[in-house]
1. Relative to the longest principal Cα axis of the chain, at what angle does helix 188-226 sit, 0 to 90 degrees, rounded to 10?
2. For helix 247-347, what angle does its Cα long axis make with the longest principal axis of the chain, in degrees from 0 to 90 and rounded to 10?
3. In whole percent, what relative contact order does region 219-273 give with Cα contacts below 8 Å and a gap of six or more residues?
4. What order do you get for 34-44, 58-68 when each peptide is scored by the mean count of other beta carbon atoms within 10 Å, highest first?
5. If you line up the Cα atoms of region 111-254 on their principal axes, what length do they span on each, largest first, in Å?
6. Please figure out what share of the DSSP beta bridges in the chain is antiparallel and state it in percent, rounded to the nearest 5.
7. Once both axes come from the Cα atoms, what is the angle between helix 229-242 and the longest principal axis of the chain, in degrees from 0 to 90, rounded to 10?
8. Note the direction-averaged projected area, equal to a quarter of the hull surface, for the Cα convex hull of region 274-348, in nm².
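The values are calculated or read from the model by the stated rules, or taken from the named source; none is laboratory data. This structure is a prediction, so every number in the text was calculated from the model and none was measured. Heads up, the Cβs are rebuilt from the backbone with ideal geometry, glycines too, and the neighbour counts pull from every protein chain shown. Remember, those area values only see protein heavy atoms, side chains included, never the ligands or the DNA or RNA. Shrake-Rupley method; radii C 1.70, N 1.55, O 1.52, S 1.80 Å.
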Amino acid sequence: GDNPRIVREHDTDEHEGSPVLVLEYLPDKSLRTAIQALGGRGMPWQRCADVLRDVASGLEALHAKRFVHRDVKPSNVLFTSNGRAKLGDLGVAQTDLTRMRTDGLLIEHPGTPGYASPEHANGGAYLTPAADVYALGVMGYEMLTGHLPQPVTIGRADRAMDAEAPAWLKELIRQMLAWDYRERPQSGGAVAEEIRRGLQSEREREAKMVVRTKDLRAQIEEALKLGRLVEADTLVDELLKFVPDDPSTQTLERRVNRAFVEEKRRIAAEETKRNSDAEATRIAREQAEWRRAEEEAKRIADEAARVKAAEVTVRQQSAEKAAREREARNLREKEGAAAAAELKRKTE
């Protein structure tokens, strides 16, 4: 057909008695080659989702026509020059005509071990599109992890749960690998729709993240400008959750770290200055106290000397007074004696 996600059939021919299909030429390698080139490592989930979406879109067209591919596997997924996936090899597809030919007969369904659905083993059953969905789930698991799911993990997709991929994609792959076909998405269209919805949610989340990271950077710059370093550090931690490997984010982180170092140095310098000022103040206070003590001691000594000098003066004055009084007494005694002698002389 002309579906862009299915390898086109251009013509039919015959070569040496055998029928030949002339198919669209796709120069790029198959998904099998791409998986092998990874050496057991998983591919990025975005690429896995793109390939699953493309193949699911091709299956959507087949399932709408009541076809079941029956051999979905990496070697049947080819890439165009722009990297889009196309589903090829429809030679074993189940159609209504196939059903008429095999109805009631126990024949083995075509398919590839590891990718064939559990119901492939029931040759008498008419496969539903959910069989192709199972094979698509195996491919998704293999693309994410680099390994096929082991029989014990089918239906759980444990290893895929460890892959770095959105929860919706891992959950979709787990549903596609359900052992019971009724628990899987029922057609390629249902898978394609889930992937489209998931990718749209990722685009919306990415858009919100771009806005949020822009706001965070502006808030960090403002916090740095105002010296609110704890706030800036908290905002950087949030920004790193969104874009941990972004060089501009790492530059912001280094700026915040440097600001913290400078702030610590400033605080240490201020603390040193405060301690120095406090020590100088203490020394000045002690010196002032010593001067006051010296002045007080001198005042007391001067006062004691003044008192002592006053006492000496008083004693001197007292001694002089006593001497004068003795002289006056002696003089009076002399005068009395002289008067007595004169009186005696006159009376004789």
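1. Orientation of helix 188-226: about 20 degrees from the principal axis.
2. Between the helix axis and the principal axis of the chain, the angle is about 10 degrees.
3. RCO, region 219-273: 30 percent.
4. Ranking, from highest mean packing down: 58-68, 34-44.
5. Principal extents (largest minus smallest coordinate, Cα): 76, 26, 20 Å.
6. Of those bridges, close to 90 percent are antiparallel.
7. That works out to roughly 10 degrees.
8. Projected area, direction-averaged: 4.3 nm².
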